[in-house]
Amino acid sequence: MLSEISHLPDNRFQHLPLSELRICANDAVENYEDGGPRGLQDQKPDCYNGILLSSQGAALTDPPGRKLSPIELGLVKEAEGEAKVVIRALPIKTYVALPAGQDSRSSYIYLATVPPPHALLLSHVIRLAYLVLIAGLFSALLTSYLVRPITRLSFAAEQFGKGDLKARVHPSLPKRKDELGELGRTFDQMAANTESLVDRYRDFLAHASHELGSPLTRLNIALALAKRNAGSQLEQELSRIRCEADRLSDLVRELLLLARLESGNELSRDRADFDVAALVEEACADASLEAQQLSKSVIVGKREQFHLQGYRDLLRRAIDNVLRNGLRFAQTNGCVQISCFRRDGSATGIILIQDDGPGITAGQEKTIFEPFVTLPSRDSEAKAAGSGLGLAIARQAVLANNGRISAKNGADGGLSVTIELRSITGIV
C-alpha cells in the first residue's frame, strides 16, 4: 500500500499514531467480514473514533443519521482513488484516511480523528491567550485615546448644565491636536464666555440694587415729612405714593438678595444644624396671619422631624416665598397645605406645599423659577402683588442648602411645589 502524507503544521506528523491506526483499520475489517455490523461493535475504544467505509463511501460503522463533512468526504475520495494515506490537519484535530483490507474480499477506507498532543494543544491555548491579550491592550489604548476624552467632555458638559459655570474639560483634552482637542478648546471658550456674561449680570444686579437703596430711603423720609405737613388734603395721594415706594423697596431688597445668593456672598458664614420640622411650623404660623386677611388658611399635613446642616434663614425664606405664592393663587376660602417628611429608604427630606389654585400651564414647571416670571391669574390683584422674584429666590435658597425645588400640577388641581433636601444629618 502506498502512503503519502500531506503537509502538517506544528511538526504534528511525528506525533501521529499511524501504526496504531493501521492496526485499528485491519481489526475493523476482520470484525466486519467475520461478524457483519455487529462485529464492529467490538472495536477498541482507543481507535480514535474510527469509521470503516466501503469502497463506495458508505459508512459501515457510522452512527445512524450522521453525515460526513465535506472535508471528510474529500479525504475519503482521495485515499480511495490513489490508495494512499491522506491527512488533513486542523487547529484542534487531525483527520486521517487510510486504505484498509487490501488482502480481503473488498477494499475499505478507515477514517479516524486524532486529537492534537497535549503540548500542541497547550501551544494553541497560549497563542489564543496571547491574541486575546493583544486585543485587550489594543482596546484599552483605543478607549484611552477616544472614549475617555469623550466621557470627560460629557462630564464637564453635565456639570456646566447643572449650574457649575467654572466646569471645564480635563486639561489634557485641549492639548490634543485632533478634532477632540478642538472640541475641548471650543467648550472651554464657550464656558468662559458664559461665566463672564453671568458674572457681569450678577455684578450689575448687585450694584443696581445697592445704588437704588439709598434714593429709596431718602424718598420714604421725604414722603413721611410731606404727609405730616400736607394735612388731610393730600393724604390719599401720599398714601398711594408710599405704597408704591414700599413695593419698590421690597423689589430692590429681593434683587439684592437674589444677586447675593447667585454670587455666593450670602453663603460666607458657616452652616448650622437645625430642625426642619420646627422651621416649617414657624413659617406656617406666620403665613396663617397673612392667610386670615385673605380669607384663606394654611394647614400642616404630614409632619416628621429631621435635621439638616445648612442655612436656616435661607430655607425659611424659601418656604415663606412658596407659601405666599400659594396663598396668592389659592381659591377664595381655599387653603394651602404644607407637609414635611423623610423619604423612605434615603437620607432625603421632603417639604411639600400644595395649593388649590388654577395650577400652571404645561411646560412652565421650570420657567416659574426664573427671575421676573409672573403667572396669569384670574385674580388681577394676585398677579400684581408678585414681583416675579419670590420663586427665583426660593430656588437659590434651596440650592444653597444642597437641595432642589420643583413644581407640577396636582392630580386634583392646584400647584404642588416639592423641596428636596439631601444629606439629612439626624432624625429626632
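The values are calculated or read from the model by the stated rules, or taken from the named source; none is laboratory data. As the structure is a computational prediction, the values presented were derived from the model and not from experiment. Here Cβ is always computed from backbone atoms with ideal geometry, including for glycine, and neighbour counts include all displayed protein chains. Heads up: the accessible areas ignore ligands, DNA and RNA and are worked out on the full protein's heavy atoms, side chains in. Shrake-Rupley method; radii C 1.70, N 1.55, O 1.52, S 1.80 Å.
What to note about this one:
- Selection of the range 240-252 for residues being surrounded by fewer than 16 Cβ atoms within 10 Å (Cβ to Cβ) and over 13 Å from residue 220 (Cβ atoms) yields only 240.
- Taken across the range 130-139, residues that are within 26 Å of the chain's Cα centre (by Cα), surrounded by 11 or more Cβ atoms within 10 Å (Cβ to Cβ) and modelled with pLDDT of 80 or more do occur, with at least one present.
- All conditions in (1) in contact with a Lys or Arg (Cβ under 9 Å, 6 or more places away or on another chain); (2) in a helix (DSSP H, G or I); (3) not aliphatic (A, V, I, L, M) hold for residue 229, with the sole exception of (1).
- Taking the range 33-50 as the range and being under 19 Å from residue 107 (Cα atoms), outside any helix (DSSP H, G or I) and at pLDDT 70 or above as the test, only 50 passes.
- Pairing each residue of the range 170-189 that is touching a residue at least 60 places away in the same chain (Cβ under 8 Å) with any residue that is open to solvent by 80 Å² or more (accessible area, probe 1.4 Å) and not in a helix (DSSP H, G or I), provided the two are 6+ apart or on different chains, yields no C-beta distance under 6 Å.
- Once the range 152-170 is narrowed to residues that are in a helix (DSSP H, G or I), open to solvent by less than 80 Å² (accessible area, probe 1.4 Å) and touching a helix residue (DSSP H, G or I) at 6+ places or on another chain (Cβ under 9 Å), the residue that is farthest from residue 191 (Cα to Cα) is 153.
- Here residue 27 does not fit the description of being modelled with pLDDT of 75 or more, open to solvent by 70 Å² or more (accessible area, probe 1.4 Å), part of a helix (DSSP H, G or I) and closer than 17 Å to residue 101 by Cβ.
- Neighbours by Cβ (under 7 Å, 6+ apart or cross-chain): first from the range 210-225, over 14 Å from residue 255 (Cβ atoms); second of a type in the set (Ser, Thr, Tyr) and not in a helix (DSSP H, G or I): none
- Residue match in the range 253-261 (condition: within 30 Å of residue 305 (Cβ to Cβ), modelled with pLDDT of 85 or more and surrounded by 14 or more Cβ atoms within 10 Å (Cβ to Cβ)): no
- With respect to the conditions (1) of a type in the set (S, T, N, Q); (2) in contact with an Asp or Glu (Cβ under 6 Å, 6 or more places away or on another chain); (3) farther than 16 Å from residue 275 by Cβ; (4) in contact (Cβ under 8 Å) with a residue 60 or more places away in the chain, residue 331 falls short on a single one, namely (4).
- Matching entry among 196, 214 (being at pLDDT 75 or above and either open to solvent by 40 Å² or more (accessible area, probe 1.4 Å) or assigned to a helix (DSSP H, G or I) (or both)): 196
- Taking helices (runs of 4 or more DSSP H) as the structural unit, those lying wholly within the range 290-401 and holding at least 1 residues that are among the charged types (D, E, K, R) and modelled with pLDDT of 90 or more correspond to 312-329, 390-400.
- Condition check for residue 77: open to solvent by 80 Å² or more (accessible area, probe 1.4 Å) and modelled with pLDDT of 75 or more: yes
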